[in-house]
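Peer 1: Okay, handing you the structure first.
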Amino acid sequence: MIGYHELTLNQQGGGFNNGRKQQVLVIGAVMMGAFLHTFIMAGGFQTIKTTHAIFPGGDFCYKITTRDYATSMSLVESIGKDWGFKKREVDDNYADALYTIHLDAPMSTIGADRLRFAVGHLAQTTTDSKRIHRDVLMKKNKDIVPLTNKELKELAVQSIWPRLSYKTTHLPKVKQALVAQFPFTDGIVSALMFTYKIMPTMLKQAKEAGMNEPLVVMSTCSVKQQMCTHYAVSGKPFLLGQLQTKLYASTIGPETLLPWAEVKQTLLKPLAWVGIAQDAGNVDEL
């Protein structure tokens, strides 16, 4: 961040000579260049190209929570650790094994911190279901101390994830899922891309393609390959027993701290200008 002195470099008496001004400008240019590089690597100028493909389905052993979608990758790593994986940067086994189900349209009026998502392992064979789910992940539940409401609000996510219980369900095979691949940098820019560009676009296109509600977007990502595969799928099994977004929103009531819906629309104007939130205005209709 640029400090107070840099912000006042044009004021008299600030003690800035031409050399210092040039130094600040160079630092600013480097920061802007770094952001632009990250933006491009995260697919900032790419369009989302979807196709129809098969979602394989299978037994899903997962943890579910209510948080900003930007925190989901840390839960992916936590579950990978339970399974015995190395860090995602060096272990490519995460892709096509660990999936995140995003249950709510991220620009609905429920607020970013109340979005629901589940992360878990998708076993496509009975052998994997027994070997990984029954013999490894579900056994973790016996040592879990349930979180209190106060702890859920106050603890950091790194302390919350290990104390969420595993659940299991079966996800059906989908022959005509809407699928897109998109660059992934495992950082804040990629999180913004998903929240304000990828998921809204995929939900919009799924609805236009005639897919019935409830609609969710599932993602599986590879840090090593710098790529995510996203599936838009429909059907109650993918809600994991949860309410659809509109009904869920009616049960939790409006936000009390900030009018987040209005704040987001204001913030999205510059994002739309650079192509991140190009379809933002239509998402709440979903």
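Peer 1: Just to be sure, is V136 surrounded by 15 or more Cβ atoms within 10 Å (Cβ to Cβ) and either farther than 17 Å from Q242 by Cα or touching a residue at least 24 places away in the same chain (Cβ under 8 Å) (or both)? Show your work before the answer.
Peer 2: Working: surrounded by 15 or more Cβ atoms within 10 Å (Cβ to Cβ): yes; either farther than 17 Å from Q242 by Cα or touching a residue at least 24 places away in the same chain (Cβ under 8 Å) (or both): yes.
Here the answer is yes, as V136 does meet what is asked.
Peer 1: If you don't mind, another one. Confirm whether V217 is closer than 19 Å to I79 by Cβ, open to solvent by less than 30 Å² (accessible area, probe 1.4 Å) and assigned to a strand (DSSP E or B).
Peer 2: Values: closer than 19 Å to I79 by Cβ: yes; open to solvent by less than 30 Å² (accessible area, probe 1.4 Å): yes; assigned to a strand (DSSP E or B): yes.
Considered against the rule, which asks whether it is closer than 19 Å to I79 by Cβ, open to solvent by less than 30 Å² (accessible area, probe 1.4 Å) and assigned to a strand (DSSP E or B), V217 comes out as yes.
Peer 1: All but one of (1) open to solvent by less than 50 Å² (accessible area, probe 1.4 Å); (2) part of a helix (DSSP H, G or I) hold for L152; state the number of the condition that does not hold.
Peer 2: Every listed condition holds for L152 apart from (1).
Peer 1: Testing T195 on (1) touching a helix residue (DSSP H, G or I) at 6+ places or on another chain (Cβ under 6 Å); (2) within 20 Å of Q225 (Cβ to Cβ), one condition comes back false. Which one is that?
Peer 2: (2)
Peer 1: If you don't mind, there's one more thing I want to ask. Quick check, is T71 closer than 21 Å to F194 by Cα, loosely packed, with under 14 Cβ neighbours inside 10 Å and modelled with pLDDT of 90 or more?
Peer 2: When the stated conditions are applied, T71 does not pass them.
Peer 1: Report whether or not L239 is aliphatic (A, V, I, L, M), over 18 Å from E77 (Cα atoms) and open to solvent by 40 Å² or more (accessible area, probe 1.4 Å). Don't jump to the end; show me each part of the working.
Peer 2: Working: aliphatic (A, V, I, L, M): yes; over 18 Å from E77 (Cα atoms): yes; open to solvent by 40 Å² or more (accessible area, probe 1.4 Å): no.
No; evaluated as a whole, the condition is false for this residue.
Peer 1: OK, next. Considering only residues that are open to solvent by 80 Å² or more (accessible area, probe 1.4 Å) and at pLDDT 90 or above, which ones fall in region 220-236?
Peer 2: Narrowing region 220-236 to residues open to solvent by 80 Å² or more (accessible area, probe 1.4 Å): 224-226, 236.
The answer is K236, and nothing else.
Peer 1: Right, here's the next one. Please enumerate the residues belonging to region 198-229 that are over 19 Å from the mean Cα position of the chain (by Cα) and under 17 Å from N93 (Cα atoms).
Peer 2: Within region 198-229, no residue meets the criteria.
So that you can scan it fast, the table gives a plain yes or no per residue for (1) assigned to a helix (DSSP H, G or I); (2) closer than 23 Å to P106 by Cα; (3) open to solvent by 20 Å² or more (accessible area, probe 1.4 Å); (4) in contact (Cβ under 8 Å) with a residue 24 or more places away in the chain:
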| position | (1), (2), (3), (4) |
| --- | --- |
| W161 | yes, yes, no, yes |
| T169 | no, no, yes, yes |
| K175 | no, no, yes, yes |
| A180 | no, yes, no, yes |
| T185 | no, yes, yes, yes |
| M193 | yes, yes, no, yes |
| Y196 | yes, yes, yes, yes |
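Peer 1: When residues of region 112-132 are filtered for being assigned to a loop (DSSP other than H, G, I, E, B) and surrounded by 23 or more Cβ atoms within 10 Å (Cβ to Cβ), how many remain? Steps first, answer last, please.
Peer 2: Start the filter on region 112-132 by keeping residues that are assigned to a loop (DSSP other than H, G, I, E, B), which leaves 115, 124-125.
Filter once more, so that each one left must be surrounded by 23 or more Cβ atoms within 10 Å (Cβ to Cβ): 115.
Total satisfying the criteria: 1.
The values are calculated or read from the model by the stated rules, or taken from the named source; none is laboratory data. Nothing here was measured: the structure is a model prediction, and the numbers come from that model. Neighbour counts run over all protein chains shown; Cβ positions are idealised from the backbone, glycine included. Please note that ligands, DNA and RNA were not included when accessible areas were found on the heavy atoms of the full protein model with its side chains. Shrake-Rupley method; radii C 1.70, N 1.55, O 1.52, S 1.80 Å.
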